[in-house]
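Notes for the one structure printed next.
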Amino acid sequence: MLIREATPDDWPRIWPFWHRIVAAGETYAWDPGTSEEGARALWMNPAKQVYVVEDDTGAVVASAYLTPNYGGPAARIANAGFMVDPDRAGRGTGRALAEHVLAEARAAGYRGMVFNAVVETNPAVKLWTSLGFEILGTVPEAYEHPRHGRVGLHIMYRAL
């Protein structure tokens, strides 16, 4: 697999799995009805460093972004978002992309990374804790999950 910086031309290859994941309403606190235009503005925002993962055939199978979580004196705390094509889950793509983005964040001078709203039923919680993230707290019943009803949103952090 190849992990590289995304270009604007990658968006049409990110959008199908981005839409599928967000429309499912199970893992992201974004509107499941987000339009393609709105999604592109969220994900490919110029303030974000965006990455893609290509498989052996050159297909884009995952993407992530890296951005400051706060501004001013707290701008050295990063935030990131990750999406792996659900058809490619369980193959180590998410872990490889996460390790890459964590390394990029350290190289860019970030001191830590925070995730503001991790749905507590998201299988990625296991990945994040295995990579050293800790759950700082949980906002109870903050997320309307389509299968589990009201579930919490974790705030997760890791020092870099």
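The values are calculated or read from the model by the stated rules, or taken from the named source; none is laboratory data. Predicted, not measured: the structure shown is a model, and the values here were computed from it. Note: ideal-geometry Cβ built from the backbone for every residue, glycine included; neighbour counts use all protein chains shown. These accessible areas exclude ligands, DNA and RNA; they are computed on the full protein's heavy atoms, side chains included. Shrake-Rupley method; radii C 1.70, N 1.55, O 1.52, S 1.80 Å.
Could you check how much of the accessible area of the chain is carbon and sulfur, as a whole percent, using a 1.4 Å probe? Don't jump to the answer; show the numbers that get you there.
On the way: 4190 of 8080 Å².
Carbon and sulfur: 52 percent of the exposed surface of the chain.
Please work out the ratio of the alpha-carbon Rg of the stretch 1-44 to 2.2 N^0.38 Å and round it to two decimals.
1.19
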Charge tally in the Cβ shell below 10 Å around residue 150, where Lys, Arg are +1 and Asp, Glu are -1, residue 150 excluded: -2
How much mean residue ellipticity at 222 nm does the chain get from its helices, if each DSSP H run of length 4 or more adds -39500 (n - 2.57) and you divide by all residues, to the nearest 500 deg cm²/dmol? -8500 deg cm²/dmol
With springs only between Cα atoms under 10 Å apart, run a GNM on the chain and tell me which of 140, 73, 46 wobbles the most. 73
Solvent-accessible area per residue for the stretch 2-159 (1.4 angstrom probe, square angstrom): 50
Along each of its three principal axes, how wide is the spread of alpha-carbon positions in the stretch 87-137, in whole angstrom units, largest first? 33, 27, 16
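How long are the three semi-axes of the equivalent ellipsoid of the stretch 34-126, in whole Å, if each is the root of 5 times an eigenvalue of the C-alpha gyration tensor, listed from largest down?
Details: eigenvalues 98, 50, 42 Å².
Equivalent-ellipsoid dimensions as semi-axes: 22, 16, 14 Å.
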Starting from the residue with the highest accessible area, list 93, 27 in decreasing order, probe 1.4 Å. 27, 93
Under a crude label model (7 Å from the Cα following the beta-carbon direction), how far is residue 144 from residue 103 in nanometres? 4.2
